[in-house]
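Shown next, in structure tokens, is the structure this report addresses.
The values are calculated or read from the model by the stated rules, or taken from the named source; none is laboratory data. Everything numeric here is computed off the predicted structure, so don't read it as measured data. With ideal geometry, Cβ positions are generated from the backbone for all residues, glycine too; neighbour counts draw on all protein chains shown.
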Amino acid sequence: MKTIDELTQKAVELQAGGLSTGQIADELNISRETATWLLVHAKKRDVTQAPKDIYIDWSNIGRSSHRQRLIAGALIDMILDCLDKTDECIDVVVGVALSGIPIANLVADELGCEFTTYHPNKQRWEPESKEIKGTISQNFAKVDGKNCVLIDDVVTTGATLSEAVEVLEGVEAKPVAIAVLVDKKGIDDIRGVPLNALLRVTRVDKIE
């Protein structure tokens, strides 16, 4: 997608398919504010300036399990380098739904760790609420009392990963590192947990 109209059309198609605004944002790797603007733009042909966001398309990686495994290897290298400084071990790799799950599964396999998934609040069918947190799947490894590494694809605002860290800590798990493909926010940690990104995107007008 190279134009705002193409991105708007995709957002409308996803909404027609039953996805919530949060899910659309997750699917397009944009902020919820941007997803909302795209949907309003489509209905009203809104001419106001779009939110200052960056669209990330990593489908060339996503469509190939071989490329995903190579990326998983790069994430593992960063994770181990980060944990060398703290001497922490890894018990469970947590894939953040939706797009963090396949790569997290590969990371867990390579590390010989257990695997589980985290489904954030924005993935719920009900209207999003700050009072309602996401959930850790009961179909995979338990995280209670274990050291966890979180894997996601793109950090836009950091809200999803912040929520995930809070939920893990709420069940006495210990998040020891986070690894992502792209960091759009330019941060070093989330709630004190080191954030490792293969790529960091910084808007020039935000450099201080």
Being at pLDDT below 95, surrounded by fewer than 17 Cβ atoms within 10 Å (Cβ to Cβ) and not hydrophobic (A, V, I, L, M, F, W, C) is the requirement here; does GLU128 meet it? yes
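Show me the helices (runs of 4 or more DSSP H) found entirely inside the stretch 1-88 where at least 3 residues are within 30 Å of LYS133 (Cβ to Cβ) and of a type in the set (Val, Ile, Thr).
In the stretch 1-88, the matching helices (runs of 4 or more DSSP H) lie at 32-44, 65-83.
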Return yes when ARG63 is of a type in the set (Lys, Arg) and touching a helix residue (DSSP H, G or I) at 6+ places or on another chain (Cβ under 6 Å) and no when it is not. no
Select from the stretch 27-64 the residues that are in contact (Cβ under 8 Å) with a residue 24 or more places away in the chain, farther than 17 Å from THR8 by Cβ and not aliphatic (A, V, I, L, M) and list them in ascending order. TRP58, GLY62
Can you spot a residue in the stretch 140-153 that is more than 24 Å from GLY18 (Cα to Cα), crowded, with 16+ Cβ neighbours inside 10 Å and under 11 Å from the mean Cα position of the chain (by Cα)? yes
Any idea which of (1) at pLDDT 95 or above; (2) of a type outside the set (A, V, I, L, M); (3) farther than 18 Å from LYS174 by Cα is the one THR116 doesn't satisfy? (3)
Specify the residue that is surrounded by the most Cβ atoms within 10 Å (Cβ to Cβ); the eligible residues are those in the stretch 105-120 that are touching a helix residue (DSSP H, G or I) at 6+ places or on another chain (Cβ under 6 Å) and assigned to a helix (DSSP H, G or I). VAL107
Given (1) in the same structural domain as ALA141 (by TED's automatic domain parsing); (2) basic (Lys, Arg); (3) farther than 28 Å from ILE136 by Cα, LYS52 misses just (1)
Quick one: which of ASP53, ASP77 is crowded, with 17+ Cβ neighbours inside 10 Å, among the acidic types (Asp, Glu) and more than 15 Å from the chain's Cα centre (by Cα)? ASP53
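Select from the stretch 158-208 the residues that are in a helix (DSSP H, G or I) and among the polar types (S, T, N, Q) and write down the one among them that is nearest to the chain's Cα centre (by Cα).
THR160
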Here the residues within the stretch 169-182 that are surrounded by 22 or more Cβ atoms within 10 Å (Cβ to Cβ) and in contact with a Leu (Cβ under 8 Å, 6 or more places away or on another chain) are PRO175, ALA177, ILE178, ALA179, VAL180, LEU181
